[in-house]
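Engineer: Take this structure, written in structure tokens, and hold onto it; I'll ask about it next.
Here, each number is a calculation from the coordinates, and none is a lab measurement. Note that the structure is predicted; figures quoted are calculated from it, not measured. Cβ placement follows ideal geometry from the backbone for every residue including glycine, while neighbour counts extend to all protein chains displayed.
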Amino acid sequence: MPTISITEKMPCSSVVVFDLLHDYSRRLEWDTLLREARYTRGHTIAKTGATTLCVGKPLFGIVGIETIYLTFTRGVIAAVNMINRPPFFNSFAASIRHQDLSQGSSVTYKLTFRARPRFLRWILEPIMMIVLRHETRQRLRALSTYLASENPHSIIHNWMCDQANAGAPKIKSNS
């Protein structure tokens, strides 16, 4: 099965990145691929067993992939598996692993998929690999840029990034 793995540095701690990445109410603020992102089947927060739907922008065929979280460890790793049957995807699974660095963190997004119909895999999978690799790299860069931006909606994230990168603020003693 085709597999893609992309690592990108982030300006914030793993927990800050993780929390924004899995906040579907804010996903469209930074995600360059999606036109819709929401929880499904009665779920309201990301956690093991929760289901979500991500629908691509028109340029990407408006494909909607519904997934279930198989693993969800805050600030460390989340993994999903596709549970619906959208056009061109026979299977899809992805994980995103977070690692704190001395300055900020890194995320490694790994995905694997299988195209359908089977008799067209030989042509579909190389094309899908190129598109998915490009879009995944672009999305992770957009996430990093968003976290580092002066966007008014990300002021709290910027403050949290500064605290995570510089340590707790020093309090002067008057004695």
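Engineer: Residues with amide H under 5 Å of Phe89's amide H, sequence separation 5 or more or different chain, H placed in the peptide plane at 1.01 Å from N; which?
Structural biologist: Residues meeting the criterion, in which the H sits 1.01 Å from N, are Arg116.
Engineer: Still on this structure, please answer the following. Express the relative contact order of region 3-166 as a whole percentage, based on alpha carbon pairs under 8 Å and six or more residues apart in sequence.
Structural biologist: On the way: 318 pairs, mean separation 46.0, N = 164.
Once normalised by length, the contact order is 28 percent.
Engineer: Sequence-distant or interchain residues sharing an amide H contact under 5 Å with His43, placed H: which?
Structural biologist: HN-HN under 5 Å from His43: Thr51.
Engineer: Measuring from centroid to centroid over Cα atoms, what is the spacing of region 1-79 and region 86-146 in Å?
Structural biologist: Rounded to whole Å, the Cα centres lie 11 Å apart.
Engineer: Oh, and also: Got a sec to turn the phi values of region 73-81 into Karplus ³J(HN,Hα) couplings, 6.51 cos²θ - 1.76 cosθ + 1.60 with θ = phi - 60°, whole Hz, x for Gly and Pro?
Structural biologist: 3J(HN,Hα) across region 73-81, in whole Hz: 10, 3, x, 10, 7, 9, 9, 10, 9.
Engineer: Can you put Val16, Val55 in order, fewest other beta carbons within 10 Å first? Kindly include the intermediate steps, with their values, before the conclusion.
Structural biologist: Numbers: Val16 24, Val55 19.
So the residues, fewest neighbours to most, are Val55, Val16.
Engineer: Moving on to the next point. Residue by residue, what Karplus-based ³J(HN,Hα) values in Hz, rounded to whole numbers, does region 24-32 have, using 6.51, -1.76 and 1.60 with θ = phi - 60° and x for Gly and Pro?
Structural biologist: 5, 6, 10, 4, 6, 5, 10, 6, 7
Engineer: Would you compute the Debye intensity of region 3-166 from its alpha-carbon atoms alone, equal scatterers and no solvent, and pass along log10 I(q)/I(0) at q = 0.16, 0.20, 0.21 Å⁻¹ to two decimals?
Structural biologist: Debye intensities relative to I(0), on a log10 scale: -0.93, -1.41, -1.52.
Engineer: Whole-Hz Karplus ³J(HN,Hα) for region 16-21, in order, using 6.51 cos²θ - 1.76 cosθ + 1.60 and θ = phi - 60°, x for Gly and Pro?
Structural biologist: 5, 5, 4, 4, 5, 4
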